[in-house]
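What follows is a short report on a single structure.
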Amino acid sequence: MSIRHARAGLSGLAIALVPLSPGVAHEIVGNRFFPATLGIDDPGVNDELALPTVDSFKTGDVPPVRQRDISGEFSKRITEDFAVSFGSTYTFLGPTDPTAAGANGFQNLDTTFKYRVYKNAEHEFVMSVGLSVDWGGTGAKSVGADPFNTYTPNFYFGKGLGDLPDTLSWVRPVAITGQVGYAIPGSNSTTTFGIDPGSGLATVDTEFHPRVLNWGATIQYSMPYLKTAVVDLGLPDFVNRMIPLVEANLQTPVANTLTSGTMTTGTINPGVIWVGNTFQVGIEALIPINRQSGTNVGVIAQLHLFLDDIDPHGIGKPIFGNAVQPASPFARN
Amino acid sequence: MRRSNVFGMIPLLLLLAPGEASAHAMLDHAEPRVGNKVAAPPHEVTLWFTQKLEPAFSTVTVTDPAGKQVDTGKVRVSGNQMSVSLRPGGSGTYHVTWRVLSVDSHTTDGNFTFQVGQ
């Protein structure tokens with residue numbers, strides 16, 4: 001799932017722009033294991049299930065709203081390099097003002113089509129492109145789900161630093177991933193007609209739906225990589241399975257911004273992912289970059305299952321083609 | 001999350017815990033240890049993986065500091081362990097390159113170095 005805006009708003013409250021969706025996909029490129037990151041989607045194409053992803057934070061509304069989400073996403077490979085994922089999120093909104101009512105409900109369903117364009121094991125580089133569709137009208141308006149579709153073409157990349165020279169061997173476990181998307185709402189504006197209670201005159205309120213640049217990146221230090229490709233320090237297995245990381249998850253309205261403004265919002269997410277053989281768990285803090293992005297430090301956590309490892313001959317294999325490359329098993333890229 | 005939901009996930013986590021589950025065969029550890037130094041050239045290199053291997057499609061090569069291949073080419077695979085004997089070599093940095101097929105049909109590869117000398 002791509003970076004997405006959850007327009008969380010109680011009736012009459014301002015719209016909060018916050019990152020919500022969990023990333024899905026992990027990837028192995030040569031020595032490098034790219035984990036599924038929680039904030040942005042990473043460059044991998046695979047069979048997996050992120051369930052659940054839970055988060056909690058206070059939005060940038062005035063007064064702020066306590067938002068809690070629980071979400072899941074299922075990704076299925078159609079071919080070795082092409083996958084489709086389906087995601088859904090249930091949102092709980094609790095106003096900090098005790099006199100205001102809360103709300104809860106589903107966000108719009110989300111579908112992402114993703115194709116791995118290039119993979120280079122020697123340089124630990126992978127690149128993918130995708131299209132995410134937020135299906136308008138499938139969620140609840142009370143939690144800010146849009147009544148129109150939003151289409152987001154995406155570009156993803158991942159680069160491990162394992163090809164650095166021996167003098168920089170301690171930097172080799174570092175990897176960088178990134179995602180850039182351009183969210184295009186299916187509707188340019190929404191017009192609401194009403195009556196002014198003071199004057200009794202008719203009112204017209206138009207909200208323009210901006211086109212938004214969704215951009216983010218991660219920097220990771222892979223302890224599994226350190227142990228198996230650089231130096232085995234004899235650390236406990238629990239430590240050797242950790243990947244500390246920092247994610248940046250940002251949104252910038254760039255067009256049709258008459259009512260939204262162009263301020264960038266988002267969060268910086270330091271955290272850690274622990275990788276098992278068939279699953280990973282991750283937890284990150286959500287640190288808003290400005291007042292409009294949130295009013296306190298939130299938290300996000302995820303359990304992520306590698307279906308290709310849990311059931312490699314069933315649901316974990318591509319529908320067309322095999323996960324194996326039997327024709328030339330020792331051929332290098 | 002309610003406590004009952006947390007307890008409900010425990011059997012799932014136990015099911016998924018590292019063990020004999022089918023998964024990509026990743027390098028677990030090696031002897032000589034990855035990135036470490038040994039006093040004398042080893043007689044063999046042994047790699048342990050996180051999964052059982054398919055012997056017919058698993059290989060490892062070792063080159064000495066001069067870039068010359070010093071493994072005998074006869075790779076021995078037993079379960080999740082793969083070994084290859086080495087011909088005598090000199091001091092310096094040795095490069096180990098491996099590629100394996102796990103029993104669940106996933107191919108993985110990688111490389112590392114170790115040092116020989118005082």
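General remarks:
- Any hit, region A:221-228, residues being surrounded by 14 or more Cβ atoms within 10 Å (Cβ to Cβ) and within 22 Å of the chain's Cα centre (by Cα): yes
- Unique match (being at pLDDT below 95, surrounded by fewer than 14 Cβ atoms within 10 Å (Cβ to Cβ), within 30 Å of B:ASP28 (Cα to Cα) and among the charged types (D, E, K, R)) among A:ASP196, A:ASP166, A:ASP205: A:ASP166
- Output for region A:239-249, where each listed residue is assigned to a helix (DSSP H, G or I) and more than 11 Å from every other protein chain (Cβ to nearest Cβ): A:VAL239
- Test set (1) closer than 30 Å to A:LYS58 by Cβ; (2) among the β-branched types (Val, Ile, Thr); (3) modelled with pLDDT under 95 - A:ILE184 fails condition number: (3)
- Matching residues in region B:62-85 - criterion: being surrounded by 15 or more Cβ atoms within 10 Å (Cβ to Cβ), under 17 Å from B:TRP48 (Cα atoms) and over 12 Å from the mean Cα position of the chain (by Cα): B:VAL62, B:VAL75, B:SER85
- Region A:186-197 residues that are of a type in the set (A, V, I, L, M), paired with ones that are assigned to a loop (DSSP other than H, G, I, E, B) (beta carbon under 8 Å, 6 or more apart): A:ILE195/A:LEU201
- Region B:47-111 holds strands (runs of 3 or more DSSP E) entirely within its bounds, and those carrying 1 or more residues that are away from every other protein chain (no Cβ under 14 Å) and of a type outside the set (Val, Ile, Thr) map to B:71-78, B:81-86.
- Filter result for A:PHE306 (aromatic (Phe, Trp, Tyr) and modelled with pLDDT of 90 or more): yes
- Qualifying residue in region A:314-328 (condition: within 11 Å of another protein chain (Cβ to nearest Cβ) and in a strand (DSSP E or B)): no
- With respect to the conditions (1) part of a loop (DSSP other than H, G, I, E, B); (2) touching an Asp or Glu at 6+ places or on another chain (Cβ under 6 Å); (3) polar (S, T, N, Q), A:SER75 lacks only one, and its number is (1).
- No other residue among A:GLU80, A:GLU122 is of a type outside the set (Val, Ile, Thr), at pLDDT below 95 and exposed (fewer than 15 other Cβ atoms within 10 Å of the Cβ) apart from A:GLU122.
The values are calculated or read from the model by the stated rules, or taken from the named source; none is laboratory data. The shown structure was predicted, so the numbers you read here are calculated from the model rather than taken from an experiment. Glycine gets a Cβ as well: all are built from the backbone with ideal geometry, and neighbour counts include every protein chain shown.
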